[in-house]
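Down below is the structure, laid out as C-alpha cells.
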Amino acid sequence: MLNGKTALVTGSTSGIGLGVARALAGQGADIVLNGFGDAGEIEKLRKGIADQFKVKAIYVPADVSKPAEIEALVKRATSELGRVDILVNNAGIQHVASIHEFPPEKWDAIIAINLSSAFHAIRVALPQMLERNWGRIINIASTHGLVASVQKVAYVAAKHGLVGLTKVVALETAKTGVTCNAICPGWVLTPLVQQQIEARAKAQNIPIEKAKIDLLSEKQPSLEFVTPEQLGAFAVFLCSDAAAQMRGQALPMDGGWTAQ
Ligand code: NAD
C-alpha cells in the first residue's frame, strides 16, 4: 500500500515509534529512523527493517528539542530518500512530580520535545506534501492529550497542545490530500512506562509485577497494555485511502481509559 512513499518517524529507536516504523515498512514505505541509543543497536534495527521488509531505511540522529536539527533531519530525509510523504511526530519524554516540585528545565524539555518538535517538523515537511497533494501527518499524543493525571503537568500540557496543533494543521490542509490526526495511546509497556513502574515499585516497596498491575488498574479497564504493533497498525490505517477524510481527530487506543 505504501510502496514508493517515505515515512519519517521521530523517536523510532524504541517503543511506539519503532512499532510504527516497522508497520509502515511492512506496507512498503522507505523509513527514516531517528532517536537516541547505542549506535550498534540502532544499526541492527535499521538493517533489520531494510532486510525484513525490502525497503530503504536510513537513520538520522537529530535531537528534536533543537529546531535547527529538526530542519536538518527533514532536509536529509528528503535528499537521501527523495521525499517525505508520511511524518510521524512520536519522540517524547516524561517527568513525574507535583507542580511545586517540578524542575523548570524539565518543563522546558518536555514542551520542546513533546510539542514544539511537531510544530517545527510539520512546518518544514508540509510544503513538499502540499506540492504532491498527498501526505499523512500523525502526531503521537496520549490519553493525556484528552484527560489529565496528577504529577504530569508538563506532559499533559504538551499533549493537550499537540491535539490543538493537530486540529489547526487539519483545518489548514482540509481541502488538500494531506491529513493530520493524533493517536492517543493509553499505557504501552515501553522504556518510558517501565521507568514509572520501577519508580512506583521502589517508592511503595512492592514487586515490579504488582506495580504494573496497580498502574493498569488505576486507569486502563482492560488491564492490558496497548502494544506498539497495535499502534503501528493504527498508523497504517491512517495512511490508507479509507482514512482520507479523517481530519483533525484525536483518536484513543487506550483499553477503555477515556471511556470512564
Ligand atoms: P520510549 O522511551 O520507548 O521512546 C521514545 C523515543 O523518543 C526514543 O526513540 C528516544 O530516543 C526518542 N527521543 C527522546 N528524546 C528525543 C530527542 N530529544 N530527540 C530525538 N529523539 C528523542 O517511549 P514511548 O513510550 O515509545 O513513547 C513514544 C511516544 O508515545 C511519546 O511521545 C510518548 O509520550 C507517547 N506515549 C507513550 C505512552 C506509553 O504508555 N508508553 C502512552 C501514550 C503516549
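A few notes on this one:
- Partner aspartates and glutamates for Lys54 [C-alpha distance under 20 Å; skip if fewer than 8 residues away on the same chain]: Asp30, Glu41, Glu43, Glu80, Asp85, Glu229
- Between helix 208-219 and the chain: long-axis angle, C-alpha atoms, 0 to 90°, nearest 10: 80 degrees
- On Cα atoms only, tilt of 228-239 relative to the major axis of the chain in degrees: 40 degrees
- The stretch 213-260 and the stretch 33-100: distance between their alpha carbon centers, rounded to Å: 22 Å
- Placed amide H near Met253: partners under 5 Å, 5+ positions off or other chain: Cys184, Gly186
- Subset of Lys5/Lys56; Lys106/Lys210; Lys152/Lys219; Lys75/Lys106; Lys106/Lys159; Lys152/Lys202 violating a 22 Å alpha-carbon distance limit: Lys106/Lys210; Lys75/Lys106
- The trypsin sites (Lys or Arg not before Pro) found in the stretch 163-250 that occupy coil by DSSP, while having at most 12 further C-beta atoms within 10 Å, are Lys175.
- In the context of the full protein assembly, Asp254 retains an accessible surface of approximately 20 Å², using a probe radius of 1.4 Å and ignoring ligands and nucleic acids.
- Fraction of accessible area attributable to carbon and sulfur, the chain (%, probe 1.4 Å): 57 percent
- In the chain, helical runs assigned H by DSSP with n ≥ 4 each contribute -39500 (n - 2.57); averaged across all residues and rounded to the nearest 500, the mean residue ellipticity at 222 nm is -15500 deg cm²/dmol.
- In the elastic network of the chain, a GNM with C-alpha springs shorter than 10 Å, the most mobile of Leu231, Leu115, Leu223 is Leu223.
The values are calculated or read from the model by the stated rules, or taken from the named source; none is laboratory data. Values in this document were obtained by computation on a predicted structure and should not be read as measured data. Note: ideal-geometry Cβ built from the backbone for every residue, glycine included; neighbour counts use all protein chains shown. Protein only, heavy atoms only, side chains kept; ligands, DNA and RNA dropped before computing areas. Shrake-Rupley method; radii C 1.70, N 1.55, O 1.52, S 1.80 Å.
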